[in-house]
Amino acid sequence: MNTPELTAVLHLPGAEPRPLEGDWSAEVIAMPTGDGQWDISLAVAYTGDTEVDAGVSLSAVLFPAGEPAFLIPGLFYGENRPQACTRLFPRYARGQVDHARFTSDAWSFRADRAATPVVFAWTDEAGIALATTETSPVGLAGVGFADTPAGPVARLCWPYREEPVSYTGSQDPSPADIPVYHWRPGERVELRARCYSLGPDRHGYAPVLRDLHARTPVASEPVAWVGVEEAAGLAAEGLHTWHYAAEDGVLLETAAFDRELNASVRNLGDRQAMHVSWVSGVPYAYALLCHGSRHGREDYRAAGAHVIDTITANLTPAGTFWGQWTRSGGWNVGWTPDRRRLHARTIGEAALFTVRAVAHERERGVNRPVWTAAARSTLDVACAAQRADGHLGSAYHSETGEVLSWDGAAGFAWIPALVEAAALFGEPRYLVHAERAGAHYRRFLDAEFIHGAPEDVDLAPTSEDGYLAVMAYVALAEHSPGPWWADAARAADWMLTFRYSYDVAFDRRTLLGTYGFRSRGADQASPCNQHLHAYGLICLPEMTRLARHLADPYYLAVTRENLACFRQFVARTDGDFNAYRGMASERYYQTACFQPKGMLLTLSHAWSVGVLLYACEAATQMPEFEEDR
């Protein structure tokens, strides 16, 4: 492999970028470390007579050949925002610039927005990746790319540059954020990077991320605050104490940390609503049911069963689960703007965990005919809607079951539900529908762009899309002949682009900094919702079985890191990080989005507590987690 052509550029405030010359000098040394891999040293020296503010960037250009493609893990995926997506956040469009709508053919970001600080660029003939670390001797680093007449450019910046505008979670762009370093006469700084020469395969990011994960230092002290068993006990207590509303048979979606404040705002901190899945509902009621069964806690078993009773006894006219219940309005479709539109992921995931709850009860000699009928009715609507090409639909009419949207891949959620229902209910037709869907949705893997899973960000790519894909293909691999294990691995690789491979550096004056929160193992929610979340725990069993089947220690390592990460910040006692015992937050702010870096959302969420409980219950049954218990 030829040594990559790397160009260092000086950035002075208010001036065009220029070479480092005159009072500035730069020495770029590329040390080969393997086939197509180099450690990069960029030594920058300033010999001027006066102090000056400036930044530096390092770029690599690929020969133009066809439409370029870019990837920044957890942050930017191809075009990133489909043109039809109603939520605004940074989008790539060749030759287009519309700052008001976050559209440009060149973007740069602060490094802590990336799950791994690396930028990939591809043409039809080749690819390249430039990686750095979150911090540097001159401050927070940056990653970026540009589509230029000379070819696609991958770029690292020290300090970071956020341009052409900055996205901080609002639909309105913030001004470009371009910090500088204050250079003194005679100062010399050495900046570090890593470069990879790639082929045109857009899945070439996977071995790079494995390599960077292995090279990233890990904490010497234990990450988790508590063992798996203690975490399960705390989460079960928190879900039952703070989210279960016995009078309604629901799991309320949120519970405020500050109970006194909550009382003064008419309980608005406690969201008086329950989705049937996703942010509340069946998955977490099922986890509480399992925990209660394992520990002989009839109160937990009764609560979990009560919630599933409530959901399965109330179906839409079309015969599916509803999307959401609210105390003020009863049953409705959820957060979709069309009040007839049911989201495939929400009801498909509810069907999956209802099937699992039926199986759990059957093992204990308990028959749940209403649960069974509701799951089968919901699955039958999805099967009836399936297109000849295998697409299961992304949204449905609540009265007729008619498909209202074929956009995106939310239908992935149906596949594991159909596979497990086929086995449990002795219905081979369900497996046929799942196999057809799996073959169809493979095109999203091929495009390296899976999107549409959550209700709240429309057609954005999200980590949740990756979880659904992993669950779908592992289910098919375990129950159907075919190349499904390869699909599962490809889905896992894409999902893991959202997983933080490093511990973000937090100011010790912030809450996350004070408590020493370790971000390695957490996932970026999405390029639209740039905060860390725990939802990846939903596919802990599937990731563990995938690692076991493929004898792949990497898949197991990142799964164990995921569980260890969120055995932090589950409240061990009243007052722990200002929460009540058993509470767990939904959002950890690791970058400048929605809230300042280092803050914590002071709401406990049914799903964040529930998914921890679910994962811990699964881990107690898996030998891979024995030393974590």
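Tell me the residue from 374, 359 that is closer than 17 Å to residue 305 by Cβ, touching a residue at least 60 places away in the same chain (Cβ under 8 Å) and surrounded by fewer than 24 Cβ atoms within 10 Å (Cβ to Cβ), please.
359
Quick grid of which residues meet (1) at pLDDT below 95; (2) charged (D, E, K, R); (3) buried (at least 16 other Cβ atoms within 10 Å of the Cβ); (4) on the phi > 0 side of the Ramachandran plot:
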| site | (1), (2), (3), (4) |
| --- | --- |
| 3 | yes, no, no, no |
| 45 | no, no, yes, no |
| 75 | no, no, yes, no |
| 79 | no, yes, yes, no |
| 89 | no, no, yes, no |
| 110 | no, yes, yes, no |
* Does at least one position in the stretch 496-505 carry a residue that is more than 19 Å from residue 562 (Cβ to Cβ), small (Gly, Ala, Ser) and within 15 Å of the chain's Cα centre (by Cα)? -> no
* Asked: Just checking, how many residues over the stretch 434-468 are surrounded by fewer than 23 Cβ atoms within 10 Å (Cβ to Cβ) and assigned to a helix (DSSP H, G or I)?
  -> 9
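For the stretch 496-511, which positions are of a type in the set (Lys, Arg) and within 17 Å of residue 536 (Cβ to Cβ)?
499
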* Where in the stretch 190-305 are there helices (runs of 4 or more DSSP H), lying fully within it, with 1 or more residues that are polar (S, T, N, Q) and surrounded by 15 or more Cβ atoms within 10 Å (Cβ to Cβ)? -> 259-264, 282-295
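Enumerate the helices (runs of 4 or more DSSP H) found wholly within the stretch 483-560, keeping only those where 3 or more residues are at pLDDT 95 or above and buried (at least 19 other Cβ atoms within 10 Å of the Cβ).
Helices (runs of 4 or more DSSP H) meeting the threshold: 484-495, 540-550.
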* Asked: Which one of these is more than 28 Å from the chain's Cα centre (by Cα) and on the phi < 0 side of the Ramachandran plot: 183, 242?
  -> 183
* Structure fact -> The one condition residue 262 fails out of (1) touching a Gly at 6+ places or on another chain (Cβ under 6 Å); (2) under 19 Å from residue 611 (Cβ atoms); (3) among the polar types (S, T, N, Q) is (2)
* Collect the residues in the stretch 567-584 that are free of Cβ contacts under 8 Å to residues at least 60 places away in the same chain and either outside any helix (DSSP H, G or I) or β-branched (Val, Ile, Thr) (or both), keeping them in residue-number order. => 573, 574, 575
* Looking only at the stretch 226-241, decide whether some residue is of a type outside the set (Gly, Ala, Ser), at pLDDT 95 or above and under 30 Å from residue 55 (Cβ atoms). => no
* So is residue 116 surrounded by 21 or more Cβ atoms within 10 Å (Cβ to Cβ) and within 25 Å of residue 589 (Cβ to Cβ) or not? -> yes
* Structure fact -> Pairing a residue in the stretch 250-271 that is under 17 Å from residue 577 (Cβ atoms) with any residue that is part of a helix (DSSP H, G or I), where Cβ atoms lie under 7 Å and the two sit 6 or more apart in sequence or on different chains, gives 255/242; 255/243; 256/262; 257/578; 269/261; 269/262
* Of the residues in the stretch 92-129, how many are assigned to a strand (DSSP E or B) and under 17 Å from residue 500 (Cα atoms)? -> 5
* Asked: Would you call residue 25 more than 23 Å from residue 109 (Cβ to Cβ) and either buried (at least 19 other Cβ atoms within 10 Å of the Cβ) or over 31 Å from the mean Cα position of the chain (by Cα) (or both)?
  -> yes
* Output the qualifying pairs, or none if there are none: Cβ atoms under 6 angstrom, residues six or more apart or on different chains, first residue in the stretch 305-326 and at positive phi, second residue among the hydrophobic types (A, V, I, L, M, F, W, C) and at pLDDT 95 or above. => 319/381
* Asked: In this structure, does residue 177 turn out to be among the acidic types (Asp, Glu) and closer than 28 Å to residue 448 by Cβ?
  -> no
* residue 418 being surrounded by 20 or more Cβ atoms within 10 Å (Cβ to Cβ), assigned to a loop (DSSP other than H, G, I, E, B) and out of contact with any strand residue (DSSP E or B) (no Cβ under 6 Å at 6 or more places or on another chain) -> no
* Asked: Any idea how many residues of the stretch 1-58 are small (Gly, Ala, Ser) and in a strand (DSSP E or B)?
  -> 11
* Please work out if residue 413 is buried (at least 24 other Cβ atoms within 10 Å of the Cβ), of a type in the set (A, V, I, L, M), modelled with pLDDT of 95 or more and touching an Asp or Glu at 6+ places or on another chain (Cβ under 6 Å). => yes
* Structure fact -> Filtering the stretch 464-493 for residues that are more than 11 Å from residue 546 (Cβ to Cβ), among the small types (Gly, Ala, Ser) and over 22 Å from the mean Cα position of the chain (by Cα) leaves a count of 2
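The values are calculated or read from the model by the stated rules, or taken from the named source; none is laboratory data. Please read all numbers here as calculations on a predicted model, not as lab measurements. A quick note on method: Cβ atoms are made from the backbone with ideal geometry, for glycine too, and the neighbour counts reach across all protein chains shown.
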